[in-house]
Amino acid sequence: MASTQTEHRFPCAQCGASLRFAPGQAQLTCGYCGHEQPIPQMDDATRVTALQSLDYHEAVANALPPSEIEETRVISCDTCGAQVEFEAHVHSAECPFCASPVVTDTGVNRHIKPQAILPFKLSERDAQDRMARWLKGLWFAPSTLAKYARSTGRLSGLYLPYWAFDVATRTRYSGQRGTHYYVTVGSGKNRRRERRTRWQPVSGRVQRQFLDLLVMAAQSLPRANARRLEPWTMADLQPYSTDYLSGFRAEAYTVELPDGFEIAKQRMEEQIRADICRDIGGDEQRISSVATDYSDERFKHLLLPIWMAAYRYRDKSYRFIVNGQTGRVQGERPWSIWKIAGAVLAGLVALALAFFVAEMGGF
């Protein structure tokens, strides 16, 4: 039986207002009276135990202990598909991922409980500064975007769901090793050296232990943009605690565990093929066949922090994302057709003027 959905409130002991997690600090802070309340910290031994991964095959077979399952209340966005946790009384809001209005009944989402969380390090103001600098550096952006960069409004502090996989791999491969050599061809003025490649068939085995291989467990953001937010400092992981969620929202995972593992296999294959090329050696490598066995598959459900803003231009949403731990910025951007056309026209005018001056100089 899964644990029932509960509402977590953190009232200030002095004034009763809601406490909020303070990024970069292990405490909750009251925005009204300034009262601070420390977040309980675990000793190293207890922390290591709390951060242990779970068995992948048990999870797929729905055989995890009931303590690893929870229910949360979410609001779904029909535009981008995001499922974001909200307080029970919220029934209308703006989607933080695409800025679309969301008016829907809240539903209960039953899922694997997060094992760990990376708390925010950057404050909202720090994230605004990082994003504003990034936006101002965009070429051929609409003027409205430049105005948006000068007066950036509130950012949404969100925790993105991730699967972190631990997997042992053993791979058999076959291919060819290429060794360069040079020959002299031609004669006289056409005499020259050309490089040739001698190919030799090879086969072998490589193995690698993957630890905390990250796969975003949501579909609300482009996966390529999310990958460019990496790396994350996994040493800062803390055992999951709702204290870190106070004042922030968390997206529920919409990529199920088996689907996430298939994405992880694609990322593993990138590294495995690089290992094979190193094992083949030589000057060039060709890979003919790859067969990988996976074992000791384990995982963790993580929540990783981002600051996010959604900007609408010509009825289309553009998302800007700031890594809440490192400050790295990624996003989508609109292009101003008029600015591009103006730049092309200015270039043509400059080219024509240079041609005219060159022609006049010939007289």
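The values are calculated or read from the model by the stated rules, or taken from the named source; none is laboratory data. Keep in mind that what you see is a predicted model, and the values were worked out from it rather than measured. When we count neighbours, we look across all protein chains shown, and the Cβ atoms used for this are built from the backbone with ideal geometry, even at glycine.
Some observations on this one:
- The single condition from (1) surrounded by fewer than 18 Cβ atoms within 10 Å (Cβ to Cβ); (2) in contact with a strand residue (DSSP E or B) (Cβ under 7 Å, 6 or more places away or on another chain); (3) more than 27 Å from Ser123 (Cα to Cα) that Met234 fails is (3).
- For the range 232-284, residues that are out of contact with any Gly (no Cβ under 6 Å at 6 or more places or on another chain) and either in a strand (DSSP E or B) or charged (D, E, K, R) (or both) total 17.
- Count of the range 259-278 residues which are surrounded by 17 or more Cβ atoms within 10 Å (Cβ to Cβ) and either of a type in the set (S, T, N, Q) or touching a residue at least 60 places away in the same chain (Cβ under 8 Å) (or both): 6
- Residue pairs meeting the criteria (Cβ under 6 Å; at least 6 apart or on separate chains; first at negative phi, in the range 226-244; second among the charged types (D, E, K, R) and part of a loop (DSSP other than H, G, I, E, B)): Leu229/Arg328
- Any hit, the range 19-29, residues being under 28 Å from Val167 (Cα atoms) and modelled with pLDDT of 65 or more: no
- Subset of the range 271-324 that is polar (S, T, N, Q) and within 30 Å of Trp134 (Cβ to Cβ) - its residue that is modelled with the lowest pLDDT: Ser317
- The residue that is nearest to Asp236 (Cα to Cα), among those in the range 38-73 that are small (Gly, Ala, Ser) and modelled with pLDDT under 80, is Ala50.
- Residue in the range 209-232 that is over 30 Å from Met308 (Cα atoms) and over 23 Å from the mean Cα position of the chain (by Cα) present: no
- Hey, Cys15 at pLDDT 80 or above and assigned to a loop (DSSP other than H, G, I, E, B) or not: yes
- Within the range 254-262, the presence of at least one residue that is in contact with a helix residue (DSSP H, G or I) (Cβ under 6 Å, 6 or more places away or on another chain) and hydrophobic (A, V, I, L, M, F, W, C) is confirmed.
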